[in-house]
Every structure is written in C-alpha cells, then in structure tokens.
Amino acid sequence: MTKIRRWGPGLLLVSPSIFLVAVFVYGLIGWNVKVSFSDWRQAQETSGFDTSAYAELFPADTGEVGEFAGAVVTGDQPESLSTDPAWIIDLHHALLFTLVFVLGALLMGAVLAFLLDKGVKGEGFFRAVYLFPMAVSFIAAGVVWRWLMNPAPGNRSTGFNLLFDKLGLDFLRNEWYLGTDWGAAALAIPAVWALSGYIMALYLAGFRGVPEELREAARMDGASEWRVYRHVVFPHLRPVTLSALIILGHISIKVFDLIVAIGGKQLITQTPAVYMWILIYDARDYAKGAAIATLLLVGISVLVVPYLLYTVRSERRV
Amino acid sequence: MSTASATVEPRVRRPRRRRATGAQVLKYAALLFAALVVLLPVYVLLVASFKTGAEAEPSRAWALPDVWSLDAWRQAWNGEQYGLLPFLENSFKLVIPATLISTFLGSLNGFVLSRWRFPGADLVFLFLLFGMFIPYQAVMIPLTQIFIDVDFPEGIPRLVFAHIVYGIPITTLIFRSYYATIPEDLIEAARMDRAGMLRTYWSVVLPVSAPAFVVTAIWQFTSIWNDFLFAVFIVDDPEQWPVTVALNNTTGSFVTPYNVQMAAALIASLPTLVVYILLGRYFMRGLMAGALKG
Amino acid sequence: MADIRLDGIGKRFPNGFWAVRDLSLTIDEAELLVLVGPSGCGKTTALRMVAGLEDISAGDLYIGGRRVNDVLERDRDIAMVFQNYALYPHMTVAQNIAFSLRLSKRPRKEIRERVEETARLLGLEELLDRRPKQLSGGQKQRVAMGRAIIRKPQVFLMDEPLSNLDAQLRVHMRGEIEALQKRLGVTTVYVTHDQVEAMTMGDRVAVLRAGELQQVDTPTNVYDRPVNLFVAGFIGSPPMNLARGTVERGEEGVLVRLGSATLPVPAEIARVRGLDAWIGRETIVGIRPENLQGPSADGRPAGGFQLPATIDRVEALGSSLLAFFTLDAPPATSAAIAEATGGGLQEVALITREGTPFCATFEPRSAVRVGDRVDVSLDTHRLHFFDPESESALGT
C-alpha cells in the first residue's frame, strides 16, 4: 500500500523514542506498581502479592476515613488511627505546602504580570530579575534559604529573624521551616520565589494576548480601565490560570530537591516524595516506597491526564 | 523566516506618555520592592561569599564584609575539603552530550509528529508527553536495576542516558510546537520535488530550525545542570557526582563554614546564570513552550 | 506530455464530508484547463488529488493512460505551483529552482545550464542569488514557476498562483503564464476562484460547485450557454441579471412576462428552449448586463425590446458605465445564485424595495443620473431561461 510508503519512515524514525519511553516510563511505572503490591519490605525480595504497604498508608476501613482526613488536615494523629504516622505528617505537610505554594505563586505571578502589562520603563530589567530564580538549581537556592529561614534564637540568629531584629520587627520572628505548625508553609516560600517569575511570564503572555482592539472597543463603550480588565482581560486569562494551576500542582506533588536542600531528611520538613527516598535508601522498604510513588503518580495523573486530553482535543478543533 | 509564534516573547508596548501619576509611582514602588525581595537571596549569597572565615558569623550576616576576601571562593573552587572543581567537570561531562543528543532527538521527533505525520501521531505525542509529568522517584529504583542488569557503564554515562530518555517529552514538545509554524505547503513542495522524509528534514526543515535548537538546548542545559533527583539516585560513586549533589553534601553538613557554602552555591550556579544572562530571551522561550502547550 | 483523465473521482474527509463528488473530466495533452468555482467548492482538493497530495477516496485517476491512484506524488512526474509559492526560505533563487535536479543527482554542469535557461525564460537572471524574502510577490511567483518548469514534467498543476498579487500584476502575469504554457506545451490544470482568470486563460473551463462538476466547455460556451443557474450567475462580471417571469402564449408566438413588461421571445429561442411546455408556468429569466443597453450618445435607443427603467444607482468605471434599476419582477432567489454571485445584490434589494435589481450597460460617458427615467434596450435574442426547481437551463 502506497500509504504506508508515505508515512512508514516517519513512524520508523520516532520508534526508538516510543520504545524508550514505553520501557523507561510506562514499563518502569508498571514495575513500580507491581512492587508496591508485593511484600518486598526488606532487602530480601519476595514475590507474593501483598497489600501491606498500602495498608499502612490508607485508613483501615471506612470508619477511619473521617479521622484520616482530619489527621491530614490538622497534622494531629489520633491514637486510634492505624496508618503510618510519618505518612500522615507527610500528607499534612504536602497539603500545607501545596496550598501556600500554589496560591502564593499564582498570586504573585499574576500581580507582577498585571503591574507589567501596560509596559513600564525597564520592563526588560524587571522581567529578567523575576525570572532569574528559574535558572538556579533548587539545591543552590536551598543553601541560601535554609540560612535565611534559620530559626536559631538569640545571638545565634541569622537570616530573616536577624533582619527583623535589626529592623525592629521582632514580632515577626518565628521558627520558619522548623515550626511544627506552619513549617511546611515556610518551605513554600522559596518555592514561590523560584516559580512566580514563571507564572508571571505565563500571565504576561496571556495579558498581551488580548487583542488591543477588544480593549479599545470596551473603552469606547465607556468602560473604566478597571472594568476593561474585569470584563475583557480576565476572562481571557482563564486558560492561563488553568495551565498555571496544573503546572504548579504537579510540581508541588513532585517537589523533592528543595525540601531535601533545606530540611534534609528530618521528619519535620518531610513530604511524601522525600519519605519515599528515605524508605528506599535507608529503610530498604521497597514495597512501601513503591506504593508512595504509585500514589504520587495517581495524584499527578488525576491532574494532568484530563488536561492533556483537553488540550489535544482543542488543538485538533483548531 | 521569523521565529516560532508559539515561543515568542510577549511584545513590549511602549509606556503611555503621561506624567507620573500616583498610580504609576505606586506601581514602580511595588515592582521595585518585589525585585528587591527576589534579589535578597542573591545579596546574601554574594555578601557571605566574600567574607573571611572570621567574619562569617551569624550576627554579622547582613552586613557587608569589612574585609573582602576571595578565600571562600578559593576553598569552594578547588580547596581540598570543599572544592567543587572535579564535580563541575562531571557536570560538564554530563550536560554536554545529554543536551546535544536529547535536543537532536527532539528535533527528529518534533518534525515527524508535526510535519511528516502518520496515523496516530497525536496519540504518540500524548504518549511521549505524559513522560514529562511522572514523579521520577517512582522509576528510579527499577531504572538503576536495569543499569545493573545490563552492566551499563557506571556513573555519568548512566546519568546521560537517563536525561536523554526523560528529556524526550520536553524536547519533542518544543520542536513540535515550533515546526507547526512551518507552512505545510513548504513540505508539500519538497515532496513534489521528489524529496523523501530524511531529505526534507535535512534540506528544508533543519536549515530553518536554529531558533528551536537554541531554545531547546538552553532549556535542557539548565534543567540537566540543575538536576538533583536523578543524580542522587543514579550515581553512587562520590567521585562521579555532578555538582548539584556535591553541593548538597558540602552545604548539608553543618561543619562547613557558611561563607564557603554560599560561595559554593554561587559557583555551582555560575554556568546556568551565565547562560541566563547572555541568552535569557531563548531561555524564556523554552519556558513558554513548555507552558504554552496548555 | 500526457493527458489526464478523472473518472468518478471523489474525496471524503475523515469527518464524513465529501469535498469532491463523482468528478469525471478529461484534460487533453497540452491543454490548459481551468478549474473554477467559489471557495470551498473542492477545486483545490481535486487538484491535490491529481498531484498525489491527497488520497483518492473514490474513482480512478489516469495520467498518460496509466492509473496512478496508488502512485506516490514523487513518481507521477508532476510539478506544482503553490498559492503561497512555498519557496525554500534559506535557499537562493537558483538553489530553489535547482533543488529537484539536485535530488535527481544530475551533473552540476547540467543543473547550472538548466537553471540559467529557466531563469532566462522567466526573466530571473538578475535574481538568482537573492533569497525569497528579498523578492516581490511577482518575482516569487516566477521563481515558483521556474522550480516547476525546470523539471520538464508531464503535467503542471497550479493552485491559485495569482491570487496573492496586486490586480495590475495579476493581469500581466495571466498573459505570461498563458504564453509560457503554450510555448512549453505541457498539460496544465489551473485552479482559481476568479472567473475572469478562468475565462481569459483556459482552453476549457470546468466549473465546480460543492464538489460537483457543473459544466466543462470552452470559455465562450460556458458564457453563452450556461447549463444551470449557478454557472450563469458565476461566470460573467457583472453577473447575469435574473428574475422570475411567466411564459405566456401570445398572438405571434411565445411571450414572457417580467413584472409589468411582456417580452416577445424570438421563435428560434422558444423552440430551442422548448418553451411550449412552459406556457403558463413560471421560469427564471436571465439577461446579461451587456445585453441591456442604455440609449446611445445621441439619444437613439439601441434595438430590441424597450424596457422602462428608473435608475437607482450608477457605477462609472471609466471604460464602461453600469446603471442599476429595479425591475418589478420577483427576484430569483436560490442558494445557487447566492453562492454564485456572492449574494449581495439580492439582499440589498430585499431591504430597499420590491422587485429585482437589474444592471444595464450604458455608454461610458453617458450623462445618465440617479432618478432618470430611461428606456433600456433588451436584446431578446440573448434571453436565458431556467427551470426554477431543477435550476437547469431549459432545453438542455
């Protein structure tokens, strides 16, 4: 068939990539899922089907679900709950981190873009400044942020706490990432620092993508500048916000480098991603590590897959 | 041939010519404040890195150095205890082949998936794209196992391979978006001129791909250089660590004086910062290409 | 040189839409056939099927007697000129033209000679080292042609090559392309939406609508004997005037009543059109503007039936003068006419007043003004009649 002659070479050319991704992404994920359902809890690999890893991560029965949810939200685990306490804390941290990170980056990025939208002198400079954190590795950033958020008291204080002291703002002193209640939120600060430039760039492109004629037409119709924004510009930005939420969400679930750089392996800064690393390397609890990885994957898929399908479908419509 | 519309930076509108109103002043104040906050860590890094060991004391953290010294820099660069130089070498040995190969692969894939399509090309694209979103921790264990099983050369080569494979989604994405802006009739004209697929790629598509190559290469360079996760899982031998892992170990220990820590962080970030300063425009386009997918 | 035969050719797109339906057409060796029709009529799709850029869903395609449905475009020995020229942006003019020869691995010397020969033919000698972005539209168009010509193919395909050029340049290039084609004697299929191009360039014209062939014939025949309402309205600018009229039997022959006017139909026409069968029935009557003439400079009316008219609008074009009036006959509304003429006149008429807007030609320097009442001479030998339901011309 001549048709095959036409597109056959193309398929052939991408087949190595298809193969590599099939094996190293989907194949390994499959392996990972398999391990998560095994009883490979210590160095000795066994092959039985076992859900004990998951059992430690989920509430034991429907009765416990409420308590589980409550524990995740508050960070306090009641004695009666049978799940792994470290896991509860991780989830709690992840929740807190995600909320602060996503909202913070979204807000800061959007505000910065809004301020820059009409064009200011030195826009290039400002954009370059806000974006540069993306060029820096999380590890390097972690070095400085760990120091900035150091909670050491008294004459050993450094970083923000020291600055607040010097500026007479002692009431702002706090324990930052080592705080039991809001530690995870503090961890979100460097993450916001790192990503808001990116969100700003997204929103700026979105703002600028609004055809000027639309704004002019609204102005001619008597709309105040604020109204122009509210009724013409912001609706245009919904896809951008959706994009940004998906991207921030998936980064939040995966974030690893930053947590490790600032908090190392301590429980007080631990997130599921870090816990997984610890389980595999230190505790050699492969099944559980794999289970966490699988759950992370499920979380991301729920976010990303509908979004991908939606964008490809709308692409085809165009 | 102008640059890809999918990766163009927002055009700058000239500021309205009107006298500085209160709103303008507030706007500038806010922008400057934000810039200050963003640059704060840089200030700290720089200031600390130029202090001597003696001055590197918590209570003096925010002050400029009394004595400007390159001692911390020297130690972080090639000092016996904390020197990053050998690790910088490892990073370069990692980044250069990985960037070149993954970029080239992305170009071929992007070309086929946008301009020499086959039935199911869009599905294949989605199939590849999803690879970008997985939590890499999930696959690190079996990956290292495979490396062991096939006796893949240890250390940096494994890392190079991993970055090539996991770089396929993003590089393909960028090129596919870019090549979508090549008019279809250009490819058809080549076909009518009796060019086959590879010929068309080589003679017609590749010559106009420069912008996409630059963008992708810069983005890959930055991502791979800054990566920590892959490196820490895949490279066991400390001598083969890339600079991110070395940095984490240097600075993770509480023994390291913090002026050295800061200098080390700066040194580790230097290549990507240089790239960013010189080629920031292209960097941003890579960034946008990843997001404008959405 | 080869002839092209389309036998029941059809194209179905994945969403079920048939862009081309049952197209049967033969293009003779060395003929220049123009495929014309409004946007979306399938002409470009048909062209692309001949090229091999689109797969054929139904029917058979023969080039030079060989069935080529399953032959790849590169093996059909066809060259194509694209609407947007599709020049390789990073190559010089010379390289663009030479590209296909380089691929065939012809010796360098031969390539150079043939490039120079082609450049001379098209007046491109000075431009050989330029890049496409340094060229004007007309120059790019010629380079695109050069790229096609150099291959000495059996068939040329041209997809609206002139539509991106300015009006004046288009007129000039039309002649050039036609002369070139005659000189080279290559079978050519030329696609355009511009019926003026179709009329001036084609040995024959094939009119398409919604994927179906309406009529294929010489330009003159398509003009004088349109086979249906669509062709009648599409070919000819300004378009044919159309209105509803009733056929009646008169004392001396057949009459047709158009509004308040009753026109005698010449016996010859009545016979050929079989109007006897239409006595008492309503048909659609057509008359071209040039067959509706205003009085001559000295006030003498031209021959033919005198139709009273009150002028609504005047368009003085310098070389001609068009005067519009409203005939008090019901308009011939149909989708075909709307599509053929772009619909404008009809819609305006429905808004302004009852009746059908008609267009007549006057002497170029006539002093006629809006509001004037004049008698317009209608040449009844040039009347067209159409069946209101089937939309075909009567008697065909």
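The values are calculated or read from the model by the stated rules, or taken from the named source; none is laboratory data. These figures come from a predicted structure and were not determined experimentally. Glycine also receives a Cβ, built like all others from the backbone with ideal geometry; neighbour counts cover every protein chain displayed.
Note on segment A:267-288: among residues that are free of Cβ contacts under 8 Å to residues at least 40 places away in the same chain and closer than 22 Å to residue A:139 by Cβ, the one that is farthest from the chain's Cα centre (by Cα) is A:282.
What pairs can you find where one residue is in segment A:177-200 and in contact (Cβ under 8 Å) with a residue 60 or more places away in the chain, the other is among the acidic types (Asp, Glu), and their Cβ atoms are less than 8 Å apart, with a gap of 6+ or different chains? Partner pairs satisfying both residue conditions: A:183/A:175. Does residue A:10 fit the bill of being more than 9 Å from chain B (Cβ to nearest Cβ), surrounded by 13 or more Cβ atoms within 10 Å (Cβ to Cβ), part of a helix (DSSP H, G or I) and without any contact (Cβ under 8 Å) to a residue 60 or more places away in the chain? So residue A:10 does not fit the description; no. Annotation note: Cβ proximity below 6 Å between a residue of segment A:211-226 that is of a type in the set (Lys, Arg) and a residue that is outside any helix (DSSP H, G or I) (sequence gap 6+ or interchain) occurs for no pair.
Against the condition within 24 Å of residue B:194 (Cβ to Cβ) and of a type in the set (A, V, I, L, M), how does residue C:189 come out, does it pass?
Considered against the rule, which asks whether it is within 24 Å of residue B:194 (Cβ to Cβ) and of a type in the set (A, V, I, L, M), residue C:189 comes out as yes.
When restricted to residues that are hydroxyl-bearing (Ser, Thr, Tyr) and more than 7 Å from chain A (Cβ to nearest Cβ), segment B:260-274 contains 0.
Here's the yes/no breakdown for (1) surrounded by fewer than 17 Cβ atoms within 10 Å (Cβ to Cβ); (2) touching a residue at least 60 places away in the same chain (Cβ under 8 Å); (3) of a type in the set (D, E, K, R):
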site	(1), (2), (3)
C:4	no, yes, no
C:12	yes, no, yes
C:21	no, yes, yes
C:27	no, yes, no
C:81	no, yes, no
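Taken together, the residues in segment A:108-132 that are part of a helix (DSSP H, G or I), at the interface with chain B (Cβ under 7 Å from one of its Cβ atoms) and not hydrophobic (A, V, I, L, M, F, W, C) amount to 2. Here segment A:293-318 is the region considered, the condition is being within 8 Å of chain B (Cβ to nearest Cβ) and closer than 19 Å to residue A:50 by Cβ, and the residue that is surrounded by the fewest Cβ atoms within 10 Å (Cβ to Cβ) is A:294.
Within segment B:131-177, take every residue that is surrounded by fewer than 19 Cβ atoms within 10 Å (Cβ to Cβ) and in a helix (DSSP H, G or I) and give me the one that is farthest from the other protein chains (Cβ to nearest Cβ). Taking the candidates together, the pick is B:157.
Let's see how each residue does on (1) on the phi > 0 side of the Ramachandran plot; (2) in contact with a Pro (Cβ under 7 Å, 6 or more places away or on another chain); (3) at pLDDT 95 or above:
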{"residue": "C:15", "(1), (2), (3)": "no, no, no"}
{"residue": "C:32", "(1), (2), (3)": "no, no, yes"}
{"residue": "C:40", "(1), (2), (3)": "yes, no, no"}
{"residue": "C:52", "(1), (2), (3)": "yes, no, no"}
{"residue": "C:70", "(1), (2), (3)": "no, no, no"}
{"residue": "C:77", "(1), (2), (3)": "yes, yes, no"}
{"residue": "C:106", "(1), (2), (3)": "no, no, no"}
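Taken over segment A:50-92, the residue count meeting the criterion of being under 22 Å from the mean Cα position of the chain (by Cα) and among the β-branched types (Val, Ile, Thr) is 5. Against the test of being more than 28 Å from residue C:38 (Cβ to Cβ), of a type outside the set (Asp, Glu), surrounded by 14 or more Cβ atoms within 10 Å (Cβ to Cβ) and touching a residue at least 24 places away in the same chain (Cβ under 8 Å), the options C:292, C:327, C:263 yield a single qualifying residue, C:263.
Among residues that are at pLDDT 90 or above and more than 10 Å from every other protein chain (Cβ to nearest Cβ), residue B:90 is included. Annotation for segment C:222-241: at least one member residue is farther than 30 Å from residue C:4 by Cβ, in contact with a Phe, Trp or Tyr (Cβ under 7 Å, 6 or more places away or on another chain) and at pLDDT 90 or above. Filtering segment B:224-247 to residues that are under 18 Å from the mean Cα position of the chain (by Cα) and without any contact (Cβ under 8 Å) to a residue 60 or more places away in the chain leaves B:226, B:228, B:232.
Residue by residue, here is whether (1) surrounded by 21 or more Cβ atoms within 10 Å (Cβ to Cβ); (2) within 12 Å of the chain's Cα centre (by Cα) holds:
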position: C:169; (1), (2): no, no
position: C:180; (1), (2): no, no
position: C:185; (1), (2): no, no
position: C:189; (1), (2): yes, no
position: C:199; (1), (2): no, yes
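Within segment C:60-75, being of a type in the set (Val, Ile, Thr) and either over 20 Å from residue B:191 (Cβ atoms) or touching a strand residue (DSSP E or B) at 6+ places or on another chain (Cβ under 8 Å) (or both) holds for C:63, C:68.
Applying a threshold of 6 Å to beta carbon distances and a minimum spacing of six or more residues, or different chains, the list of pairs starting in segment C:56-75 at a residue that is closer than 10 Å to residue C:4 by Cβ and in the same structural domain as residue C:8 (by TED's automatic domain parsing) and ending at one that is at pLDDT 95 or above and acidic (Asp, Glu) is empty. The single condition from (1) under 15 Å from the mean Cα position of the chain (by Cα); (2) surrounded by 23 or more Cβ atoms within 10 Å (Cβ to Cβ) that residue B:96 fails is (2).
Looking across segment C:128-172, the residues that are of a type in the set (A, V, I, L, M, F, W, C) and under 22 Å from residue C:114 (Cβ atoms) come down to C:128, C:135, C:143, C:144, C:145, C:148, C:149, C:150, C:155, C:156, C:157, C:158. Scanning for something surrounded by 14 or more Cβ atoms within 10 Å (Cβ to Cβ), within 9 Å of chain A (Cβ to nearest Cβ) and of a type outside the set (Val, Ile, Thr), does segment B:61-76 turn up at least one residue? The answer is yes; a qualifying residue exists. The residues on offer are A:290, A:273, and the sole one that is at the interface with chain B (Cβ under 8 Å from one of its Cβ atoms) and in contact with a Ser or Thr (Cβ under 7 Å, 6 or more places away or on another chain) is A:290. Among the residues of segment A:13-38, those that are of a type outside the set (Ser, Thr, Tyr) and more than 7 Å from chain B (Cβ to nearest Cβ) comprise A:16, A:19, A:22, A:23, A:27, A:30, A:33, A:34, A:35, A:37. Of the residues making up segment A:216-238, those that are under 16 Å from residue A:205 (Cβ atoms), surrounded by 14 or more Cβ atoms within 10 Å (Cβ to Cβ) and within 14 Å of chain B (Cβ to nearest Cβ) are A:233, A:236, A:237. Say whether the condition of being under 30 Å from residue A:8 (Cβ atoms), away from every other protein chain (no Cβ under 14 Å) and within 20 Å of the chain's Cα centre (by Cα) is met by at least one residue in segment B:103-124. No, that holds for no residue. The condition (being out of contact with any strand residue (DSSP E or B) (no Cβ under 6 Å at 6 or more places or on another chain) and touching a residue at least 12 places away in the same chain (Cβ under 8 Å)) is satisfied by just one residue among C:154, C:181, C:134, C:168: C:154.
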